[in-house]
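The values are calculated or read from the model by the stated rules, or taken from the named source; none is laboratory data. Everything quoted here is computed from the prediction, not taken from an experiment. Cβ: placed from backbone, ideal geometry, glycine included. Neighbour counts: every protein chain shown. The accessibility values were calculated without ligands, DNA or RNA, using every heavy atom of the protein model including side chains. Shrake-Rupley method; radii C 1.70, N 1.55, O 1.52, S 1.80 Å.
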Amino acid sequence: MMTRVLPPDERGLHLAAAILGDGGLVAFPTETVYGLGANACDGRAVAAIYETKGRPTFNPLIVHLPSLEAADEYAEVAGPLRDLAQAFWPGPLTLVAPRKPGPLSDLVTAGLTTLAVRVPAHGVAQAILSAFDGPVAAPSANPSGRISPTTAQHVLAHLDGKIDAVVDAGPCQVGLESTIIGMEDGAPVLLRPGGLPAEAAEQAIGAKLRVLRPGQVTAPGQLESHYAPVAPMRLNADGPEEGELWLGFGPDEHGGANLSEAGDLREAAANLFGMLHRLDTGRPIAVATVPDIGVGQAINDRLRRAAAPRG
Ligand code: TXA
Ligand code: MG
């Protein structure tokens, strides 16, 4: 794949939006760091993000929107979170709020019932979001384990040839990821320090933010047996045994559900959460072997968690 370097002019921005619409990956500047964007409603495009970053797990992603009104379509931004949105959006602040039912791919939230939403202030990010006219999932545009990119050159250093385009608008002003604030037990909590000082947020809501100790579980997705179906799951199965439901991968004669009959890992990733949900009927589930390469690693990570003994 040839990665196009697009200028932040009208043609470049509309091309970027068109590539997103076609299910492609576009890196673009925000005021914090460069993000790796995909259409948040397109499961295969979101799977391509995980694959390109080489993320071995499905971490939930931040959905970028042009305004609070647009964010209201996807998340329940209420109480102190709404005060924060009104005070600091657009800006380097991400809010984790209850997800509303709708067209977002389950891969974006990694199956969680909360959604991280952010309204970036960068003019180029704003222009792409407006031209695309839909939710854009975007983690920082770096391979997993590398530092976040603050120039288009940083993005290209690792992702050249792996993504469709990067919009080059020079260095990011903040240079540090957004501050993430969510709610726990009815109180606002700081989930990640970042570009917006916590003190500024505290001043806006007139209350202290609770800070989670490092290592304390924040996203329930990190819990070993979260999203586990109620019944036992058997992995790397050759086929269903008596009484088991089947979740296949690749062509087979077992009937039942299939993550991807074509054996396409991105399609499998896009189908994973929805199918686990539908198969969660109380009957045991047997799952075919999924190749442990590319986004298959994240699929297997999630399957192992789902099959883990319950605590
Ligand atoms: O500044 C930023 O926030 C950049 C730019 C591109 O917007 N994006 C960014 O995304 O830093 P990423 O994927 O590198 O970090 C997102 C963080 C992850 O640590 C993830 O676990 C957390 O947000 N997150 C996302 N959804 C969440 C949720 N529902 N609950 C808790 N944490 C969530
Ligand atoms: Mg990151």
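Side notes on the structure shown:
- Residue, farthest from ligand 1 (Cβ to nearest atom), within the range 130-174, restricted to residues that are part of a loop (DSSP other than H, G, I, E, B) and polar (S, T, N, Q): T151
- When restricted to residues that are in a loop (DSSP other than H, G, I, E, B) and either touching a helix residue (DSSP H, G or I) at 6+ places or on another chain (Cβ under 9 Å) or surrounded by 16 or more Cβ atoms within 10 Å (Cβ to Cβ) (or both), the range 244-260 contains 7.
- All conditions but one from (1) away from ligand 2 (no atom under 16 Å from the Cβ); (2) open to solvent by 50 Å² or more (accessible area, probe 1.4 Å); (3) part of a loop (DSSP other than H, G, I, E, B) apply to P56; the one that does not is (1).
- Residues of the range 227-253 that turn out to be farther than 16 Å from A308 by Cβ and touching a Pro at 6+ places or on another chain (Cβ under 6 Å), as a count: 2
- In the set A127, A87, A97, only one residue is more than 30 Å from R11 (Cα to Cα) and more than 12 Å from ligand 1 (Cβ to nearest atom); that residue is A87.
- Some residue of the range 111-130 being within 16 Å of ligand 2 (Cβ to nearest atom) and surrounded by fewer than 20 Cβ atoms within 10 Å (Cβ to Cβ): no
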